[in-house]
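Here the structure comes first, spelled out in structure tokens, and everything after it is commentary.
Just so you know, all these numbers are worked out from the coordinates, no wet-lab data involved. Keep in mind it's a predicted model, so treat the numbers as computed, not measured. We place every Cβ from the backbone using ideal geometry, glycine too, and count neighbours over all the protein chains shown.
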Amino acid sequence: MPVAVLTSEANGFRVTVDDLEAARTDRTKAVLFVSPSNPTGAVHSRAEIEAIGKWASEHGLWVVTDEIYHQLVYGDAEHHSLPVVVPEMAERAVVLNGVSKTYAMTGWRVGWMIGPPDVISGAANYQSHTTSNVANVSQRAALAALTGDQQCVLEMREAFERRRKRAVDMLNGIDGVTLAEPRGAFYVFPNLSAHLGRDIRGRRPQTTLELADLLLDEAKIAIVPGEAFGLPGYARLSYALGDDALVEGLTRLGDILSEGS
Ligand SMILES: Cc1ncc(COP(=O)(O)O)c(C=O)c1O
């Protein structure tokens, strides 16, 4: 049975070996590790990844490491792949990646796994009996993205970096909102709990789920409530949209929250 390891805002939402050890039981088989993270934008350092890999190795656990945001890291953050940092995990690690984020090719539905041959062959069998295969046209498009000029990746990273800064600055300017600065992916995960239980346009949202409904109805802005990720009080906002729409959305968020009493 999957157990979510809840991380803390104070630690920039990075998971530690202590968090993992507290969640481990004698039935634990595998860890799903996501860095850069959706929804928090947390990026683990090389030393943190090394510690997690060594802990997994010591306890004979598998690690499935989802690296779909590996190109989207900002400032001095760096991406490190767990089986590269801890080579003894190579036989019990599965790396997931795809073209959705790096090349903005979500609709093409192409991703890949890197792992021990028997796992990959099992996964290929499973896929061939479920979805048959990824459409050939999509595979060709993915190949073109991966082997073509990578300048577009740098340009997108720069655009995201600019939008990240803008989103962080604007959210920090809203009273009662706190934020661990995201260092990767394209999300911000602010704490909105100070705005719960307040009267906003005749409604009094008690949860971020209710606040999300109110924001959609009254300000036409969409957030994903933290409840969806096991962290009520928070919300995920994406900055994978144009600069003007981002500023407009965050301005509306600040305006409507300031009406609360
Ligand atoms: C961590 C993570 N992994 C995988 C995916 C899915 O990517 P795909 O479009 O390849 O299904 C997402 C998309 O939101 C994601 O956030």
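Here are a few things to note about the model shown:
- With each label modelled as a point 7 angstrom along the Cα→C-beta vector, the residue 141-residue 30 pair spans 2.8 nm.
- Diffusion of the range 152-258 by Stokes-Einstein, at 25 °C in a medium of 0.890 mPa s and with Rh set to the Kirkwood radius over alpha-carbon pairs, works out to 175 µm²/s.
- Between the range 1-20 and the range 64-109, the Cα center-to-center distance that results, in Å: 19
- For the range 228-261 versus the range 124-182, the gap between their alpha-carbon centres in whole angstrom: 20
- Rounded D (µm²/s) - the range 38-112, Kirkwood Rh over Cα pairs, Stokes-Einstein at 20 °C, 1.002 mPa s: 161
- Distances between placed amide hydrogens fall under 5 Å for residue 72 paired with 185, all partners being 5 or more residues away or on another chain.
- Over the chain: Kirkwood hydrodynamic radius from C-alpha pairwise inverse distances, Å: 20.1
- Solvent-free Debye calculation, one equal scatterer per alpha-carbon of the range 1-80: log10 I(q)/I(0) at 0.20, 0.22 Å⁻¹ equals -0.92, -1.10.
- 19 Å Cα-Cα reach of residue 54 towards lysines, excluding residues that sit fewer than 8 places from it in its own chain: 29
- Cα coordinate range in the range 9-147, projected on the principal axes (Å, largest first): 45, 37, 23
- Summarising the strand pairing of the chain, around 55 percent of its internal DSSP beta bridges are antiparallel.
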